[in-house]
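Asker: What follows is a single structure, and I will ask about it in a moment.
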Amino acid sequence: MSRGQEQRRLLPAYLATGTSPGTGLSGTLDSLAALRASGVPLARYHTAVHQRVIELLTDGSLSVVELAGYLGLPVSVTLVLAEQLVSDGQLKATVPIPDALRASNDGRPSKEVLEEVLSGLHALLAA
């Protein structure tokens with residue numbers, strides 16, 4: 001391998017999760033969900049990557065996408081890791097609520113969001 005080239009993984013990324021290929025997501029987490037460690041210790045079956053996730057989240061929180069960047073793993077694999085740790089109790093997740101759905105808007109989009117949509121539609125028509 002020549003200098004400057006990034007070294008490729010020798011093992012498939014799904015091995016970081018300790019599961020077999022084709023294991024589906026339950027779909028409970030979003031890639032923008034904020035994750036933080038709960039303080040519950042890891043079990044024996046957790047992998048070294050699970051341990052790294054806990055280390056990264058011990059003193060704060062990160063989104064799933066940010067965590068994927070730190071781990072050097074695809075977001076889809078990081079979602080599996082995060083869902084495993086949330087279901088096992090080692091992580092807590094907070095899913096972001098879009099501004100348009102906040103309780104203060106009574107379930108309706110805010111005026112600002114509607115103005116942005118209208119502006120975007122005008123831009124599409126002008127193009």
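Asker: For residue 55 and residue 43, compute 0.36 nm times the residue count separating them, minus their Cα-Cα distance, and round to one decimal in nm.
Answerer: 2.8 nm
Asker: Check residue 62: other-chain or 5+ apart residues with amide H under 5 Å from its amide H, H built from backbone geometry?
Answerer: Residues meeting the criterion, in which the H sits 1.01 Å from N, are 35.
Asker: Amide H neighbours of residue 47 under 5 Å, counting only residues 5+ apart in sequence or on other chains, H built in-plane at 1.01 Å?
Answerer: Close amide H contacts, sequence-distant or interchain: none at all.
Asker: Now for a separate question. Under 16 Å from a point 7 Å along the Cα-to-Cβ line of residue 87: which residues of segment 37-71 have their amide N that close?
Answerer: Once the point is set 7 Å along Cα→Cβ of residue 87, 43, 45-47, 50 turn out to lie under 16 Å by backbone N, inside segment 37-71.
Asker: Here's something else I'd like to know. From largest accessible area down, sort 59, 30; use a 1.4 Å probe on the protein chains.
Answerer: Heavy-atom accessible area, descending, gives 59, 30.
The values are calculated or read from the model by the stated rules, or taken from the named source; none is laboratory data. Because the structure is a prediction, the values reported are computed rather than measured. Counting neighbours? That spans all protein chains shown, and the Cβs are built from the backbone with ideal geometry, glycine included. Only protein heavy atoms, including side chains, enter the accessible area calculation; ligands, DNA and RNA are left aside. Shrake-Rupley method; radii C 1.70, N 1.55, O 1.52, S 1.80 Å.
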